[in-house]
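Report on the structure given below.
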Amino acid sequence: MAGRSELPEHSEHSKLSTRSARSALSVLLIAVLFLSTVHTASAQFLHERKVEIQAVAVKTGEKPEGAVINITVIVTPGNGKVFVSTSPYTEIDMQGSAQLAALTACDLLGVDYMKHDFFYIIQANAPIVGGPSAGGVMCVATIAALKNLTIRRDVFMTGMIYPDGFIGPVGGIPYKLEAAASHGAKYFLIPAGQRIVYVREVKVVKNGPFVFESTVVKPVDVVKLGQKLGVKVIEVETVNQALEYYTGYEIKQKNASVNLTRYSNILKKLADRMKSEAEDLYSIVSQIATSDELSSVKNIMKKAQEEYDQGKYYTATSDWFTAMINMRYIQYKHTITTDEALENEFKRVQSDIDNLMKYLNSSSRKVGLESFQLYGAAEERLTIAQDYLNKAESSSDLYTALGYLAYARERVESARLWLSLLPGIKEDIPLGKNEIKRRAQLYLSQAESLVIYAGSIYGQKDLLEQAQQDIDYGRAQLDEGLYCGAALSAINAITKASLSIELIGITNSPTGQQLLQEKVNASKKDAQIAIAQLEKHVTPILPVAYYEFAETSSNSIAKLAYFKLSERIAKLIGVLAKMHQHSQLVKVEHMPAPSFEESANLNAGVNTRIPGFSAIAAISAILVLLVITWRRRL
């Protein structure tokens, strides 16, 4: 094959580098009808970039048989829409594969997804089995269309696309290889680790008037099968590797590193304030709590102090936050003694949420590039606080209600903590409220489609549930006019839904831990590059905080998740920064957020049973629920 080259520069200034399923299906149906009309009329798109590529699939029917399908990818200027036309009709996951291919291609290139529309026309000679196996091919074709590259016709590939650019496993490889060989393939790219695959064969044995059928499973070495067919079979791990075979180009990114000490003073302010609040609450709770109750709190606060001393300020802040939830729960358990006291605390927390909501709505007109991430972090946390307060009020169990209430109360405080950094911003580049709203809406639509797609291919269930929860938070924020928070909630949902896809098959694979570590290393590097690029325009407070949290985590999946979240948030802010890079700084003044007024009588009384509640829930179970990995961060 030809020697690899770096991609030429283009105007993108980049190196190649539910709510309901029903609504999503409706959009896709409209897209199919629209594209069918366009294709039939052979119409031309304005300023189109067009690429044709061949993919392989398995035909429907009792006997497995490979088929070659033709895919046309057209990219035009637009606003982030993906249209798919399939003939014959294929299952919903082909639609999802197309959207994921477009998102991944733009992420890898550093291109703003919202500035393009993507059209995928898929044609086959026979009905094919729906599956994500064309995702890798569509991603390669999308990159080629965005960069005006030529696709080699003698290269074929099968493999699903992961949102981080890795190629995932698929089925039916021997049948697809045979189909590719019959259409002139010289190279056939398969996912790494799938050289040996297993196929089922039906054996028929006749014995007199009787016919016996049996199914046997046998291994197939697809590299050797390729040699017999005159095709070189090659294992690839990433889209970048596949792109080299298809175009001769590779995605090239500059190396970058993140110096966390540059942001120590900012993150230290968060830690100092949270530490002070934790120590104040401890002095109150220690007077009413038992030594057993305080044991876990002491351990958490000791760990937080050790992290603080090591300069891991955001991680220390998150641990003090966890300690605050524990202590608030203990305080509530010992002091809320009547229905009236419980109702009063519900009202106090609700009033605090309402006051902070008014503050955010009145201050949102001052949102700029620097303050976007602070407002977004606060709005996201305030929405979570409201959700947990609602859960507390609807709970039929006392201890469960108090646990939810404690979490809601401290989530409000964490929102206020992020807002405490606003006065440090003296100049900013203003952002339009409608512009942020539009981005939030589009990101939420992407998240909804990605959740549907991930569910259809059995993405990790717990991550998909969390992603759906973030979508619900984002929709609530949109309704409240909290557009910064809605955008961040959407990014959270996209990250989790994407990760649910990337983890398919990894945990049970013999090489799962190795592959997981490779993904962690790659995502860390990607986060570094995104933050380094953002540093040119904005102080990346939130991306750096999540980057530190990922570095200090002992869990590989948590590391992967937070590196990816750091990268995606940095890219989101970076896109906004590039749109306003020629704008002028203006003077700003952010008023301090309203404080929470403590009740003088909160610590009075003794712990008694409250009518209407069952006090059988164990405190440990509640606390485990409240500090799950994705909710533990400050």
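Answer yes if at least one residue in the stretch 456-472 is of a type outside the set (D, E, K, R), surrounded by fewer than 19 Cβ atoms within 10 Å (Cβ to Cβ) and at pLDDT 95 or above, and no otherwise. So far as the stretch 456-472 goes, yes, one or more of its residues are of a type outside the set (D, E, K, R), surrounded by fewer than 19 Cβ atoms within 10 Å (Cβ to Cβ) and at pLDDT 95 or above. Would you confirm, using the coordinates I've provided, whether G208 is surrounded by 14 or more Cβ atoms within 10 Å (Cβ to Cβ), more than 30 Å from E548 (Cα to Cα) and not hydrophobic (A, V, I, L, M, F, W, C)? No, not satisfied. Residues in the stretch 179-189 include none that are touching a His at 6+ places or on another chain (Cβ under 9 Å) and buried (at least 18 other Cβ atoms within 10 Å of the Cβ).
Close Cβ contacts (under 8 Å, 6 or more residues apart or on different chains) running from residues in the stretch 477-489 that are under 9 Å from E379 (Cα atoms) to residues that are in a loop (DSSP other than H, G, I, E, B) and modelled with pLDDT under 95 comprise C484/V367.
Among the residues of the stretch 370-385, is there at least one that is under 22 Å from the mean Cα position of the chain (by Cα), of a type in the set (S, T, N, Q) and surrounded by fewer than 20 Cβ atoms within 10 Å (Cβ to Cβ)? No - not one qualifying residue is present in the stretch 370-385.
The residue that is farthest from L146 (Cα to Cα), counting only those in the stretch 60-113 that are in contact with a His (Cβ under 9 Å, 6 or more places away or on another chain) and polar (S, T, N, Q), is S87. Take the conditions assigned by TED's automatic domain parsing to the domain that holds D154, out of contact with any helix residue (DSSP H, G or I) (no Cβ under 8 Å at 6 or more places or on another chain) and at pLDDT 85 or above and apply them to Q241. Does it pass? Yes.
Table: residues versus (1) in contact with a strand residue (DSSP E or B) (Cβ under 9 Å, 6 or more places away or on another chain); (2) at pLDDT 95 or above; (3) at positive phi; (4) in a helix (DSSP H, G or I).
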{"residue": "T337", "(1), (2), (3), (4)": "no, no, no, no"}
{"residue": "A341", "(1), (2), (3), (4)": "no, no, no, yes"}
{"residue": "M357", "(1), (2), (3), (4)": "no, no, no, yes"}
{"residue": "S363", "(1), (2), (3), (4)": "no, no, no, yes"}
{"residue": "E379", "(1), (2), (3), (4)": "no, yes, no, yes"}
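Restricting to the stretch 425-434, name every residue that is surrounded by fewer than 14 Cβ atoms within 10 Å (Cβ to Cβ) and not in a loop (DSSP other than H, G, I, E, B).
Answer for the stretch 425-434, where residues must be surrounded by fewer than 14 Cβ atoms within 10 Å (Cβ to Cβ) and not in a loop (DSSP other than H, G, I, E, B): E427, N434.
When the criteria are applied in full, T150 meets the requirement of being farther than 30 Å from S523 by Cβ and modelled with pLDDT of 95 or more.
The values are calculated or read from the model by the stated rules, or taken from the named source; none is laboratory data. Values in this document were obtained by computation on a predicted structure and should not be read as measured data. With ideal geometry, Cβ positions are generated from the backbone for all residues, glycine too; neighbour counts draw on all protein chains shown.
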